[in-house]
Amino acid sequence: MKPRPSADPGIGGRIRVRRLTRGWSIRFAASRAGVSHATWSRIERGIQAADNRFTLAGIAEALECSPAELAGSPVPAADPEVLAALVGADAVRRALIDGDLSEPAEGLAPPLGDLERTADLAESLLHACDYAAVTRILPGLLHDLHIETAGPHAARALRLLCAATSTASSVLRSLGLLADAWLAGERCQQAADACGDPVLQGYAAYTRASAATTAGSYQRGLTLAERAADELQRHVARPGAAEVLGCLQLVCALASQGSRRLDESRAWSDEAAGLARRTGETTTKGLFFGPTNVDLWRISIEVEEGDPGRAVEIARRTRLAAVPVGIRQVYYYADTARALAMLRNRDREAVRLLLNAERIAPQHVHGSADVRETVRTLLERSRHQAGGSELRGLSARLLDR
């Protein structure tokens, strides 16, 4: 497939400046990133897009910076709800730093039943991609649950804390705050280990592995998920174990793809698909593991691998109504739109799917670097064709500063 030109030539310029600052040749820098020097050169010159998150993460790692520094600011300043979520994330970060279970928490907490309802609300808001609302709720919830872990119902409080810290990790990942997402995963693991439940420990490992993989630490993510999957196999008859195991296998698939081991990635996703056929569609721990979710992960993996035709083929057979939560549906629409944008003469369909994603989860779409790059690509092409008012409107909401 002919490389697509970058819709944001600034990325290539920022890559070039960082490489020259270190005094490296293109060949040396490319070898550190695991890409060919010709590919690196094309990206620097804006001839080839760097919107594949794994490629950009590899280049960022080679240049010893974050992907966001190369891609530019991850959040449009015009979106007040996304900005509110980022402001709220500061308080979530402080609550996570203070939430070390080896240290006692001070104060009085509401009844545990109230905290359970608040934890359920935070998870529901996450599923709806209302990140601003989630970050308003989480700081107090995390603090109060920390207090309750020293009370008479410690085991119940630890389970709730495990769920709340996993919710925190997910929302922080979605906001691009990857180090904070990792810290939340560490707190999740701490709560699960204190509880001693192997299913909960696998769930916490899934949270940590997801944070590591999103940050570009693919080997770390794979190691965590694979080790936890092996351990959970011994407890697979326990309630919820099969669903958590399947999600661990999906993280292994994504991490393997990030490490450019596509055969291993597809083997992991096939294993998860086989398990999903036995479990059917589920809602366990808010993971929504099942055949549909496996396909959603496969779409994302194939888009990142650069096989848009395969991604669209999987999307066509996916029964999206089986997972009626915004956070999963928005990935379906956004990733399928990215795949369509890589193909010829599919731009109108790609725009329609992006608008569906925005309707379902505007905060997620407005804060997504992947979506912004796709919109830039479509907009650049539309300047030579009939662009359409819908694309221009979407562009204004995502790209205007």
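The values are calculated or read from the model by the stated rules, or taken from the named source; none is laboratory data. Keep in mind it's a predicted model, so treat the numbers as computed, not measured. In this analysis, Cβ positions are derived from the backbone assuming ideal geometry, glycine residues included, and neighbour counts consider all displayed protein chains. Just so you know, the surface numbers come from the protein's heavy atoms only, side chains and all, with ligands and any DNA or RNA stripped out. Shrake-Rupley method; radii C 1.70, N 1.55, O 1.52, S 1.80 Å.
Odds and ends about this structure:
- In the set (1) buried (at least 24 other Cβ atoms within 10 Å of the Cβ); (2) touching a residue at least 60 places away in the same chain (Cβ under 8 Å); (3) outside any helix (DSSP H, G or I), V330 fails one condition alone, (3).
Yes/no matrix, rows are residues, columns are (1) under 26 Å from D180 (Cβ atoms); (2) modelled with pLDDT under 85; (3) acidic (D, E); (4) not in a helix (DSSP H, G or I):
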site	(1), (2), (3), (4)
K2	no, yes, no, yes
P5	no, yes, no, yes
F28	no, no, no, no
V35	no, no, no, yes
E81	yes, no, yes, no
V92	yes, no, no, no
E106	yes, no, yes, yes
G113	no, no, no, no
R117	yes, no, no, no
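- Within the range 78-113, tally of residues that are farther than 15 Å from G151 by Cα, free of Cβ contacts under 8 Å to residues at least 24 places away in the same chain and either of a type outside the set (A, V, I, L, M) or crowded, with 20+ Cβ neighbours inside 10 Å (or both): 2
- If you go through the range 300-327 and keep only what is assigned to a loop (DSSP other than H, G, I, E, B) and within 25 Å of V199 (Cβ to Cβ), you end up with V323, P324, V325.
- Within the range 354-383, residues that are over 19 Å from Q329 (Cβ atoms) sit with their Cβ atoms under 7 Å from residues that are part of a helix (DSSP H, G or I) and among the polar types (S, T, N, Q), at 6+ positions apart or across chains, in these pairs: L379/S395.
A quick yes/no check of all residues on (1) within 18 Å of A255 (Cβ to Cβ); (2) free of Cβ contacts under 8 Å to residues at least 12 places away in the same chain:
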site	(1), (2)
T167	no, no
R187	no, no
A191	no, no
G196	no, yes
Q201	no, no
A204	yes, no
T207	yes, no
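- Checked across the range 49-58, the condition of being in a helix (DSSP H, G or I), open to solvent by 60 Å² or more (accessible area, probe 1.4 Å) and modelled with pLDDT of 70 or more holds for no residue.
- The set of residues from the range 300-327 being open to solvent by 20 Å² or more (accessible area, probe 1.4 Å), closer than 22 Å to A163 by Cβ and among the hydrophobic types (A, V, I, L, M, F, W, C) comprises just one member, I327.
- Residue check, L161 under 22 Å from the mean Cα position of the chain (by Cα) and open to solvent by less than 40 Å² (accessible area, probe 1.4 Å): yes
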